[in-house]
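Presented below is the structure to which this report refers.
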Amino acid sequence: MHAPRWPALVALALALAGTARIASTWLVFNHTIDEPDTLAAGMEYLSTGRYLYEDQHPPLSRVVVAALPFLAGERFHPGPNSYFEGYRILGHGQHYDRTLALSRAGNLIFFWMASAAAYLWGLRAGGPKAAAMAALLFTTLPPILGHGALATTDLALCAMTGAAALAALYWADSPTRGRSLGLGVLTGLAFVSKFSSLPFLAAAWALMGLWHLAATRRGPRWLVGELWARRRAVAMAAVAAALTVWAVYGFTFGRVDFLHTRLPAPRFFSGIHTVWLHSQGGHPAYLMGRRSATGFWYYFPAVVALKTPLGMLALLGLSPFLLKERRRAAGLAAAFAIAIVLAAMPGHIDLGVRHLLPVYVGFSVVCGCAAAEARGWAAKAAVAGLMVWQIAAGDLAHPDYLAYTNEIAGSHPERFLADSNVDWGQDMKRLEAFLEHEHATQVTFVPFNRTYPMAGHEMLPVVAGETDHPSPGWNAVSVTVWKVFGYPKWADRIPPQRRIGKSILLWYF
């Protein structure tokens, strides 16, 4: 008996609607902090076959976002660093808008893949209705739409980590040669999307395995025995993953200094080491009125609570009561999401929900299965209301999906969050347009995105001003510079008069 086609058609329509929403924001926002670097590193790879600018991020998403500008005729020219090369590639005027839009368009492939992973996992876990609802929830999430609209690495992590985890479930059902190769390739692609995929997948597979053992009342010895019986399939998947990583790094071979040896894909291993050193050293962070040089152990649970629509959070809370027949299958998706949060908590690079985007694949599947199992008019009405709440929250946030926070943060998200959760430097273009409309001659401002003028934008004069008191005329304040770095201090005591987007506060004295 063939599965009905309507869920796939619904999921396709939802993905296309999400694509249109994403594309509508490309020219609203200027480049964020990480986009020039991402574009330049990808262009270096495509133009020269080398990947030497920076090893803290692997190449997959960078090559993808540089592909359309490369096909449009852009090429790499050696420069002092990747950021300056990125500004040169972006250029100015219409060329800037066109190149930025082309690079952002490349990221759509990861939005489509992540949406497909949510749909297929929902289909496997709960059937056609659950799959359609999982696709609806995933494609209307503001964090997914916001990061799907940028030329960065984060949605690639979401797509490939979700796909690899789902492939592992299919492989567990039947470890055929094709599924073993598929699992290996998708795992390798996850590893070269972002290095955090390594601890994420390790933790996810471990917790998913424990959930399966608990649900089936089997012991660890059974799991070990199963893996040993499938040792050839495990080896095939591992070899496929290793070859995929090596292929993405151009089959390079060289010295890895911290290991004092030569290895295939040396930049892969040195990149992991660089990220580890970054995490050990910490990164400035802000959360709920507190600053830290090394982050907060509870940062990621708090960020998920503030950046996820309350409709989805409420539906997650109701899921244990709604799920009956699909509890075991939905529990695997819940274990996947929980494991990612737990794996992220020990780190010290607390920069935003973007580092946790794979959790939304798991959340969408759990909620989709729960919604499909709702019985009785009261349960169905509650589910429908919560789903409408999420959809409405996303619609009301347009086009500021990136800076979305739920009702807990209210109209002052800067009291709770900063950095890429609210201010990733995306509103400089809006500020420039506003000041031009007001015929301003200068602005007192220390922008988070100091590179905006370097990408061909001729802003009016910007002066730093004093930290203890505002200057006469227009004063702009970046949420990230203010909350993470404490500048300027006077903004703590004078409420802003207006906002530019969600990330820049404005006063006139």
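The values are calculated or read from the model by the stated rules, or taken from the named source; none is laboratory data. Only a predicted model underlies this, so the values are computations on that prediction, with no experimental measurement involved. Methodologically, a virtual Cβ is constructed for each residue, glycine included, from the backbone with ideal geometry; neighbour enumeration extends over all protein chains shown.
Structure data summary
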| item | result |
| --- | --- |
| Total residues in the range 458-504, condition under 33 Å from the mean Cα position of the chain (by Cα), outside any helix (DSSP H, G or I) and among the hydroxyl-bearing types (Ser, Thr, Tyr) | 3 |
| Residues being assigned to a helix (DSSP H, G or I) and basic (Lys, Arg) - total across the range 331-376 | 1 |
| For SER197: the one exception among (1) buried (at least 22 other Cβ atoms within 10 Å of the Cβ); (2) over 22 Å from LEU52 (Cα atoms); (3) among the polar types (S, T, N, Q) | (2) |
| Hits in the range 377-388 (condition: closer than 17 Å to SER364 by Cβ and either crowded, with 18+ Cβ neighbours inside 10 Å or out of contact with any helix residue (DSSP H, G or I) (no Cβ under 8 Å at 6 or more places or on another chain) (or both)) | VAL383, ALA384, LEU386, MET387 |
| In the range 1-11, the residues that are touching a residue at least 60 places away in the same chain (Cβ under 8 Å) and either part of a helix (DSSP H, G or I) or in contact with a Phe, Trp or Tyr (Cβ under 7 Å, 6 or more places away or on another chain) (or both) | TRP6, PRO7, ALA8, VAL10, ALA11 |
| Candidate set from the range 314-330 (those that are part of a helix (DSSP H, G or I), among the hydrophobic types (A, V, I, L, M, F, W, C) and without any contact (Cβ under 8 Å) to a residue 60 or more places away in the chain); member that is farthest from ALA384 (Cα to Cα) | PHE321 |
| Selected residue (only one of ASP173, ASP154 is surrounded by fewer than 24 Cβ atoms within 10 Å (Cβ to Cβ) and acidic (Asp, Glu)) | ASP173 |
| Some residue of the range 133-154 being over 23 Å from ALA17 (Cα atoms) and in a helix (DSSP H, G or I) | no |
| Of all residues in the range 427-448 being assigned to a loop (DSSP other than H, G, I, E, B) and of a type in the set (A, V, I, L, M, F, W, C), the one that is surrounded by the most Cβ atoms within 10 Å (Cβ to Cβ) | PHE448 |
| Strands (runs of 3 or more DSSP E) wholly inside the range 253-308 containing at least 3 residues that are touching a residue at least 12 places away in the same chain (Cβ under 8 Å) | 253-256, 285-287 |
| Positions within the range 63-79 being of a type in the set (Gly, Ala, Ser) and buried (at least 17 other Cβ atoms within 10 Å of the Cβ), in sequence order | ALA66, ALA67 |
| Given (1) over 30 Å from TRP211 (Cα atoms); (2) surrounded by fewer than 19 Cβ atoms within 10 Å (Cβ to Cβ), index of the condition ALA314 fails | (1) |
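For every residue, the table says whether it meets (1) assigned by TED's automatic domain parsing to the domain that holds PHE195; (2) surrounded by fewer than 15 Cβ atoms within 10 Å (Cβ to Cβ); (3) in contact (Cβ under 8 Å) with a residue 12 or more places away in the chain.
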{"residue": "ALA13", "(1), (2), (3)": "no, yes, no"}
{"residue": "THR19", "(1), (2), (3)": "no, no, yes"}
{"residue": "GLU35", "(1), (2), (3)": "no, no, yes"}
{"residue": "MET43", "(1), (2), (3)": "no, no, yes"}
{"residue": "TYR53", "(1), (2), (3)": "no, no, yes"}
{"residue": "SER61", "(1), (2), (3)": "no, no, yes"}
{"residue": "ASN81", "(1), (2), (3)": "no, yes, yes"}
{"residue": "ILE89", "(1), (2), (3)": "no, no, yes"}
{"residue": "THR99", "(1), (2), (3)": "no, no, yes"}
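Residue-wise test of (1) β-branched (Val, Ile, Thr); (2) part of a helix (DSSP H, G or I); (3) at negative phi.
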position	(1), (2), (3)
HIS57	no, no, yes
ARG62	no, yes, yes
PHE76	no, no, yes
GLY79	no, no, yes
GLN94	no, yes, yes
THR99	yes, yes, yes
TRP121	no, yes, yes
ALA125	no, yes, yes
